[in-house]
Amino acid sequence: MIARTPINPGSIDWTGENPGIYLKNALDGPYTCLASFFRVFYSPHGSGHSLFLLWDPQKEHPFNAIYTDNERLSEWLRDNFVARFAAFRGNLILPSLPVRRAGSYGRGGDPRSEYSEVIGSQSEEIRLTWRGLTEPYYLQVPPANSATGVHELFSVFLDARDAEVVVNGERGLGSVYPRDFFGRQGSNAFLAFSETWVGPGRP
């Protein structure tokens, strides 16, 4: 076993938070509502927030959009990360999602039980809520097993037994189901804190 050095020699592509809610109507059915939220503290394109919302992943919908305060960061996250996440991979709507300015971002609750993120744009108020949260666990994924295939992933995860996506008072379709997550039973709704994606290094 090769010992790790205290300082990782890779490049920090981004660090922050990336909770998600991926809803379905059946365990083996297609996704009915997808939300991946980023609170980025550092990246090559600065800091910022991005919510990738596919209110309806199967067809066009007025709520389908990227809600952000940093458009360049959002485009970079979409192309290099979100498009490679299993729930979003191959989705035909994702590449042309409209970008909407969202100026307010708030959080509430307690990650030990129930937690929420609230995003406000000019015409939408979006509330993401996670309930029945598990004990946290630390994730350390080598490049070969990460979504991108080139990054190491480090994060603290908490799985949710229940979650919802609400836009302007309307609840997104679907429920939370378990998923196999690196050999343990995880959930399609989760909090991901202290998340860092480490690349192979820059010359």
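The values are calculated or read from the model by the stated rules, or taken from the named source; none is laboratory data. If you're wondering where the values come from, they're calculated on a predicted model, not measured in any experiment. Note: ideal-geometry Cβ built from the backbone for every residue, glycine included; neighbour counts use all protein chains shown.
Taking the criterion of being within 14 Å of the chain's Cα centre (by Cα) and not polar (S, T, N, Q), the residues of segment 22-42 that qualify are TYR22, LEU23, CYS33, LEU34, ALA35, PHE37, PHE38, ARG39, VAL40.
Within segment 22-42, residues that are in contact (Cβ under 8 Å) with a residue 24 or more places away in the chain and closer than 15 Å to ILE119 by Cβ have Cβ atoms under 6 Å from residues that are acidic (Asp, Glu) and crowded, with 22+ Cβ neighbours inside 10 Å in these pairs: PHE37/GLU117, counting only partners at least 6 apart in sequence or on another chain. Within segment 85-103, the set of residues being in a helix (DSSP H, G or I) and either of a type in the set (Ser, Thr, Tyr) or crowded, with 16+ Cβ neighbours inside 10 Å (or both) comprises LEU94, SER96. The listed residues are HIS49, HIS45, HIS61, HIS151, and the only one of them that is at pLDDT 95 or above, of a type outside the set (Lys, Arg) and under 14 Å from the mean Cα position of the chain (by Cα) turns out to be HIS49. Restricting SER74, SER123, SER50 to those that are in a helix (DSSP H, G or I), over 16 Å from GLY172 (Cα atoms) and hydroxyl-bearing (Ser, Thr, Tyr) reduces the list to SER74.
With respect to being part of a strand (DSSP E or B), under 16 Å from the mean Cα position of the chain (by Cα) and either without any contact (Cβ under 8 Å) to a residue 12 or more places away in the chain or closer than 22 Å to ARG84 by Cβ (or both), VAL156 fits the description. The residue of segment 9-38 that is modelled with the lowest pLDDT, among those that are surrounded by 13 or more Cβ atoms within 10 Å (Cβ to Cβ) and in a loop (DSSP other than H, G, I, E, B), is GLY10.
Of all residues in segment 169-192, those that are basic (Lys, Arg) have Cβ atoms under 8 Å from Cβ atoms of residues that are assigned to a strand (DSSP E or B) and crowded, with 16+ Cβ neighbours inside 10 Å, 6 or more apart or on another chain, in ARG171/GLU164; ARG171/VAL165; ARG179/GLY186; ARG179/SER187.
Inside segment 126-153, residues that are over 24 Å from ASN80 (Cβ atoms), among the acidic types (Asp, Glu) and part of a strand (DSSP E or B) make up a count of 0.
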